[in-house]
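Take a look at the structure set out below.
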Amino acid sequence: MFSSTVLLSAAVGFVNGHTIFQRVHVNGVDQGYLNGVRYPTYDGPITNVSDPSVICNGGPNPLVTPYSQTIIDVPAGGTFIAEWHHVLQPDGYDPTDPADPIDPSHLGPVMAYMAAVPSALQTDVTGLEWFKIWED
């Protein structure tokens, strides 16, 4: 099962580009706000790309715990859409916020990586072999 063998991580290529991964859509179906994702308390950038905090965030942006115990199934060949916003809002989106999804002061590249893991519920994400799946 694809979803039980990978973790998704957001990495920043430059200081300015930062946002928060908050929602997943599988084959066009919304999986729920903050459901099945690990998310930080704040959207500040991690400026040192060799800092282990760049993996699933952390450091100046501590991850919210306890982590979601939901594993989202993505069938082989299915579509996976990650939804990003610049701040945590009730239900993830405020249509009146002109700075959403990425605040103009936060512009810069955003990259998404995945890594194979024995369990999507594991908490240790160091030492994994990451591969890039998306960049903007």
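The values are calculated or read from the model by the stated rules, or taken from the named source; none is laboratory data. Fair warning: this is a prediction, and the values are worked out from it, not measured in the lab. Every residue, glycine as well, gets a Cβ built from its backbone with ideal geometry; the counts of neighbours run over all protein chains shown. With ligands, DNA and RNA removed, areas are computed over all heavy atoms of the protein, side chains included. Shrake-Rupley method; radii C 1.70, N 1.55, O 1.52, S 1.80 Å.
Values computed for the structure shown
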quantity	calculated
Protein accessible area in the stretch 56-136, 1.4 Å probe - carbon and sulfur %	59 percent
Heavy-atom accessible area per residue - the chain, 1.4 Å, Å²	55 Å²
Neighbour-limited loop hits for chymotrypsin sites (Phe, Trp or Tyr not before Pro), the stretch 13-84 (at most 16 other Cβ within 10 Å; DSSP other than H, G, I, E, B)	Phe14, Tyr42, Tyr67
GNM top mover of Pro52, Pro95, Pro109 - the chain, alpha-carbon springs below 10 Å	Pro95
Relative contact order %, the chain, counting alpha carbon pairs below 8 Å whose residues are six or more apart	37 percent
Scattering curve values for the chain, log₁₀ I(q)/I(0), Debye with Cα scatterers, q = 0.14 Å⁻¹	-0.62
Candidates Gln22, Gln122, Gln31: whichever shows maximal mean-square fluctuation once the chain is modelled as a Gaussian network with Cα springs under 10 Å	Gln122
Test item: Cα-centred dipole of the chain, Lys/Arg +1 and Asp/Glu -1 on Cβ, debye	320 debye
Spacing of the two label points (7 Å from each Cα toward its C-beta) at His25 and Asp73, in nm	2.1 nm
